[in-house]
Structures are given as structure tokens and as C-alpha cells.
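The values are calculated or read from the model by the stated rules, or taken from the named source; none is laboratory data. No experiment lies behind these values; they were computed from the predicted model shown. Because the Cβ atoms are built from the backbone with ideal geometry, glycine has one as well, and the counts that use them run over all protein chains shown. Side chains included, ligands, DNA and RNA excluded: accessible areas come from the protein's heavy atoms. Shrake-Rupley method; radii C 1.70, N 1.55, O 1.52, S 1.80 Å.
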Amino acid sequence: MKLSNSRFGLILINPTIPNMTNNTESSKHLNLSISPELYELLETLAKSNDPKDIANVIINGIALFGIAEDAKQEGYKIGVIDGDTVIKEIEIDLS
């Protein structure tokens, strides 16, 4: 893992997470039932990203979950920072 600058400050980058956006013949499809409220949230998040695609929001969420899991196992915490100031620490239950 390495640190990378983002508009939110420094973030951990995990180079071991594969490119999950490849649509190949070996890609798997997922059928998911979610509440209308969660679907609305996914739509809202998708509209604020490029490409504007719910699948990309879910894929990025999975990638971030993987980063959080690796960081927790290495004794790090996940958070939003601005310079040297921690704006919010994010607790993720990985059990």
C-alpha cells in the first residue's frame, strides 16, 4: 500500500486490488435486491460520478472496502483528512 494525494487529502492506495471494471467473458453477473432508499442513494452517487453508472459506484465501494480491510489488518484507521487535520474517522465492521 502507498499514500496518494486526493481532493480529500492523503489516501491509502492498494495496488493488489485488481481492475474490477473489466467486462470480459469470465465476468460474473450479480442480481441484487435492495430497498428503494438504497437504490435512490446509489442513483444519487452515480449522478455525481463519471461514468454515471450504479455498477461503478458498487465496484468502487467494494474496492474501498478491500482497502479498509487491508488497512485495519495492518493496524491503520480509515478517515477523511484535510492536510494534517482528521475531519472524520470511519469505523467499518469487517467481522
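Restricting to segment 35-55, and then to whatever is outside any loop (DSSP other than H, G, I, E, B) and small (Gly, Ala, Ser), can you tell me which residue is least open to solvent (accessible area, probe 1.4 Å)? Show your work before the answer.
As a first pass, look at segment 35-55 and keep what is outside any loop (DSSP other than H, G, I, E, B): 36-47, 54-55.
Imposing the further condition that a residue be small (Gly, Ala, Ser) reduces the set to 46, 55.
Values: Ala46: 6, Ala55: 47 Å².
Going through the qualifying residues, I end up with Ala46.
Checking the conditions here, which among Ile62, Ile58, Ile81 is surrounded by 15 or more Cβ atoms within 10 Å (Cβ to Cβ), in a helix (DSSP H, G or I) and modelled with pLDDT of 85 or more?
Checking each option against the conditions leaves just Ile58.
Given the structure, is Leu32 part of a helix (DSSP H, G or I) and within 22 Å of Asp93 (Cα to Cα)?
Working: part of a helix (DSSP H, G or I): no; within 22 Å of Asp93 (Cα to Cα): yes.
No: the conditions fail for Leu32.
If you check Glu69 against the conditions, is it at pLDDT 80 or above, in contact with a Leu (Cβ under 6 Å, 6 or more places away or on another chain) and among the acidic types (Asp, Glu)?
Yes: the conditions hold for Glu69.
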